[in-house]
Structure formats: C-alpha cells, structure tokens
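J.: Got a structure for you, written out below as structure tokens; questions coming shortly.
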Amino acid sequence: MSATSGPSRGPSRVRRVRLTRLAVVALLLLPIIEVVVIVAVGQAIGGWPTFLLLVATSLLGAWLIRREGGRAWRALEQALRSGRMPAREIADGVVVLVGGSLLVLPGFVTDVLALVLVLPFTRPVARSMLAAVISRRLLAQTERFTGPTVAGQPAAPTWEQEQTPHGPQRSTTSDEVVEGEIIDDED
C-alpha cells in the first residue's frame with residue numbers, strides 16, 4: 001500500500017495528536033517532578049517546614065481563588081451591566097480558576113505555574129496565551145466544518161436571500177416556506 005492511498009491526515013490533525021501526546025506525557029511526568037522537587041526541598045529545609053510550606057501554599061490558593069475570583073466575577077457583572085462583551089472578564093475568570101486550582105494541589109512546580117496565572121500583574125500574559133489557544137482551536141474547528149476558503153472569496157451560505165431592486169427574494173434552491181405576520185409599529 002502506498003503512502004498516498006490511505007486517508008489523508010491534515011497538518012491540524014497531526015498537530016492535535018502531538019499536543020495530546022505531549023499533554024499525556026506532561027501529566028505522567030508532573031507528579032514525578034513534583035515528588036523530586038518536594039524531596040529536594042525537604043532535604044534542604046527539613047520535613048516539617050516543607051510540609052507546612054505545602055499547606056501554606058494550598059491555603060494561599062484557596063484564598064486567592066476567593067479574592068481574585070470575586071474580583072473577576074464583579075468585573076464580569078460590571079461588563080454585562082454596561083452592555084459590552086465580557087471576553088476579558090471571562091478569560092480572567094478561567095485563568096484565576098485554573099491557577100487557584102493548581103495552587104491548591106500539593107507541589108512546588110504547580111505552585112509556580114499557578115502564581116503566574118493568578119497574580120494580577122502576570123495574568124495578562126496568561127490571558128493572551130489563552131486567547132491564542134482558543135482562537136487557534138476555533139479556526140481549526142471552523143475549517144473542519146466549512147473547509148478552507150480562498151482569501152477574499154468567502155463561500156456564500158445557501159440560506160442567503162438574493163437581493164433584487166424589489167428587495168430580498170426567495171432563494172431558488174430553497175423549498176422551505178416560513179409563515180409569519182408583519183407588524184408595523186410606526187402607527
């Protein structure tokens with residue numbers, strides 16, 4: 001069987017498989033790395049101080065989730081009240097939730113990553129990384145459902161109505177009839 005006779009695998013599928021494998025390897029290695037770091041810290045400062053430090057970072061994580069999560073929630077409510085799209089506030093909420101959850105987990109490596117996600121002055125970096133990941137995923141999903149489009153020539157949806165000098169006309173490819181009533185509020 002030749003290489004061209006099998007099903008085609010696009011670059012996004014290959015990248016997705018690589019990222020999935022990388023995530024699995026990271027999840028398997030993270031506990032090992034955490035144990036090694038905890039043992040090293042325990043040898044450097046002692047067992048009880050290491051234990052107390054781990055408990056303290058977990059308590060700090062719970063407190064930060066409550067504090068920064070509350071701020072993110074209030075900012076989200078403010079954005080909704082003002083009528084604007086709360087994209088930044090939602091991203092902040094997600095980043096704070098993930099960071100706080102990592103802080104609650106015992107371990108120093110996850111604590112460092114969590115602080116980068118939770119602290120207000122480093123959160124914009126995490127937010128922009130989250131936005132990049134989401135936009136890449138949305139673009140990949142859009143291409144998966146619609147297929148690639150040529151720049152400058154978007155594919156016209158089949159449900160669009162044709163425009164004529166007499167207004168919109170029913171599409172010649174549609175047999176669907178939607179009944180309705182026109183209400184004129186200008187009286």
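The values are calculated or read from the model by the stated rules, or taken from the named source; none is laboratory data. What you see is a predicted model, and the numbers here were worked out from it, not measured in a lab. Neighbour counts run over all protein chains shown; Cβ positions are idealised from the backbone, glycine included.
J.: Do any residues in segment 42-67 that are surrounded by 16 or more Cβ atoms within 10 Å (Cβ to Cβ) have Cβ atoms under 7 Å from those of residues that are assigned to a helix (DSSP H, G or I) and among the hydroxyl-bearing types (S, T, Y), where the two are at least six apart or on different chains, and which pairs are they?
T.: What qualifies is G42/T50.
J.: Here's a follow-up. Take the conditions of a type in the set (A, V, I, L, M), at pLDDT 85 or above and under 25 Å from V37 (Cα atoms) and apply them to L54. Does it pass?
T.: Spelling it out, L54 is indeed of a type in the set (A, V, I, L, M), at pLDDT 85 or above and under 25 Å from V37 (Cα atoms).
J.: Would you point out the residue of segment 1-38, among those that are of a type in the set (V, I, T) and at pLDDT below 90, that is farthest from D111 (Cα to Cα)?
T.: Step by step, filter segment 1-38, then rank; the result is T4.
J.: Does A156 count as under 30 Å from A91 (Cα atoms), among the hydrophobic types (A, V, I, L, M, F, W, C) and either modelled with pLDDT under 80 or out of contact with any strand residue (DSSP E or B) (no Cβ under 9 Å at 6 or more places or on another chain) (or both)?
T.: no
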